[in-house]
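Asker: The structure that follows is given in the form of structure tokens.
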Amino acid sequence: MDEILAKSAQSSAPALWVGAAFAVSFGLVVAGSLGAALLKNLLHAVLFLALALLGVAGLFLMLSSTFLFVVQILVYVGGVVILLIFGVMLTSKMAQPDIPPRNRQTLAAALLALLLFCATAYVLTTHPWMVSAEPPAVPVAEIGVGLLQKYVLPFEIVSVVLLVAMVGAIVLARREPESK
Amino acid sequence: MIPLIPLPWFLGLAAFMFFCGVFGALTRRNAVGILVAIELMLNGVTLTLAAFARFLPPGADGATPLAGQMLVVFIIALAAAAAAVGLAIVLAIFRTFSSIDSQQINIMRW
């Protein structure tokens, strides 16, 4: 009896924690997505996007992909969000109140997005997925080895793409010489 | 260890995120707002891939959990590159038109 009680206490406490963590991440993602898509003030929208990205990072942790968790925090919350905030601030003339933040197809777009969401969610949640009973967790070391052995060609291609994107971004954003 | 949160929760949440992004990308007039919405869509897709990599059994066609995580890593890298280039384009447009209202930028329309 004591053993069973101890076992149930052991197994239910982590369950509770995982449930609570999932609820927090879920709420972060829902609130962040809605805010990023709907808010009028673009700076607030970017901050809500950061919330949603943090929520996705938490979900990665719950999917026991710790490497993706770290990458998500580093690249998105640390990089892309900062970049977008720079973008908002450098182009802040747009924040005039007389320009409406949305175009005329708002109603049609809302209907379309809602309809497609319902269809997609229905298919995704009712499809009988063959879930494996014991999902494997990938250790970070295996990801490192995979990056440099099995997936070395895509890895190199992505690095070249990143280099080209970096140079291209500098060229595009550079001020034109004023000698003309 | 049996996963406590079932797979459809992750998939439904990812779909919600993706279609929030679709709505934002279709309706925003500010070009930076469109970039924000695109990031939202990309993250919904990466969430779906990570969930599949965790839950689905390894397939015979090389579909391992490692492959799923690799796909997510590459998508994140490409999304970062896309964000950088997109923002540079937005800044160039802003310098040319001194506006990033996507309704006014119609020089490519014929």
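The values are calculated or read from the model by the stated rules, or taken from the named source; none is laboratory data. Note that this is a predicted model, so its numbers are computed, not measured. Virtual Cβ from ideal backbone geometry, glycine too; neighbours counted across all protein chains shown.
Asker: I'm checking my understanding of the structure. Among residues of region B:14-30 that are over 16 Å from A:Gly32 (Cα atoms) and modelled with pLDDT of 90 or more, which one is surrounded by the fewest Cβ atoms within 10 Å (Cβ to Cβ)?
Answerer: Of region B:14-30, the ones over 16 Å from A:Gly32 (Cα atoms) are B:26-30.
Narrowing further to those that are modelled with pLDDT of 90 or more: B:26-27.
On the way: B:Leu26: 19, B:Thr27: 23.
Going through the qualifying residues, I end up with B:Leu26.
Asker: Test of understanding: among B:Gly59, B:Gly33, B:Gly44, which residue is surrounded by 20 or more Cβ atoms within 10 Å (Cβ to Cβ) and more than 7 Å from chain A (Cβ to nearest Cβ)? Full working, then the answer.
Answerer: On the way: B:Gly59 fails: surrounded by 20 or more Cβ atoms within 10 Å (Cβ to Cβ); B:Gly33 fails: more than 7 Å from chain A (Cβ to nearest Cβ).
After ruling out the rest, the residue left standing is B:Gly44.
Asker: Quick one: count up the residues across region B:77-110 that are assigned to a loop (DSSP other than H, G, I, E, B) and in contact with a helix residue (DSSP H, G or I) (Cβ under 9 Å, 6 or more places away or on another chain).
Answerer: Going through region B:77-110, the residues assigned to a loop (DSSP other than H, G, I, E, B) turn out to be B:98-100, B:102-110.
Now drop any that are not in contact with a helix residue (DSSP H, G or I) (Cβ under 9 Å, 6 or more places away or on another chain), which leaves B:98-100, B:102, B:104-105, B:107.
Final tally of qualifying residues: 7.
Asker: Being in a helix (DSSP H, G or I), facing another protein chain (nearest Cβ under 7 Å) and modelled with pLDDT of 90 or more is the filter here, so list the residues in region A:139-165 that pass it.
Answerer: Step one: filter region A:139-165 for residues in a helix (DSSP H, G or I), giving A:140-148, A:152-165.
Filter again for facing another protein chain (nearest Cβ under 7 Å), leaving A:142-143, A:146, A:154, A:158, A:161-162, A:165.
The answer is A:Pro154, A:Val158, A:Val161, A:Leu162, A:Ala165.
Asker: Taking region A:30-75 on its own, how many of its residues are at the interface with chain B (Cβ under 7 Å from one of its Cβ atoms) and within 20 Å of B:Val32 (Cα to Cα)?
Answerer: Within region A:30-75, residues that are at the interface with chain B (Cβ under 7 Å from one of its Cβ atoms) and within 20 Å of B:Val32 (Cα to Cα) number 11.
Asker: Of the conditions (1) of a type outside the set (Asp, Glu); (2) at pLDDT below 90; (3) closer than 25 Å to B:Pro8 by Cα; (4) surrounded by 15 or more Cβ atoms within 10 Å (Cβ to Cβ), A:Leu112 clears all except one; give me its number.
Answerer: It is condition (2) that A:Leu112 fails.
Asker: Just the residues that are facing another protein chain (nearest Cβ under 7 Å) and closer than 19 Å to A:Val30 by Cα, please, taken from region B:1-20.
Answerer: If the condition is that a residue be facing another protein chain (nearest Cβ under 7 Å) and closer than 19 Å to A:Val30 by Cα, then B:Ile5, B:Leu7, B:Pro8, B:Phe10, B:Leu11, B:Gly12, B:Leu13, B:Ala15, B:Phe16, B:Met17, B:Phe19, B:Cys20 are the ones that fit.
Asker: Please go through region A:115-135 and pick out each residue that is outside any helix (DSSP H, G or I) and surrounded by 14 or more Cβ atoms within 10 Å (Cβ to Cβ).
Answerer: Within region A:115-135, the subset outside any helix (DSSP H, G or I) is A:127-135.
Once the filter is applied, which keeps residues that are outside any helix (DSSP H, G or I) and surrounded by 14 or more Cβ atoms within 10 Å (Cβ to Cβ), region A:115-135 yields A:Trp129, A:Val131, A:Ser132, A:Pro135.
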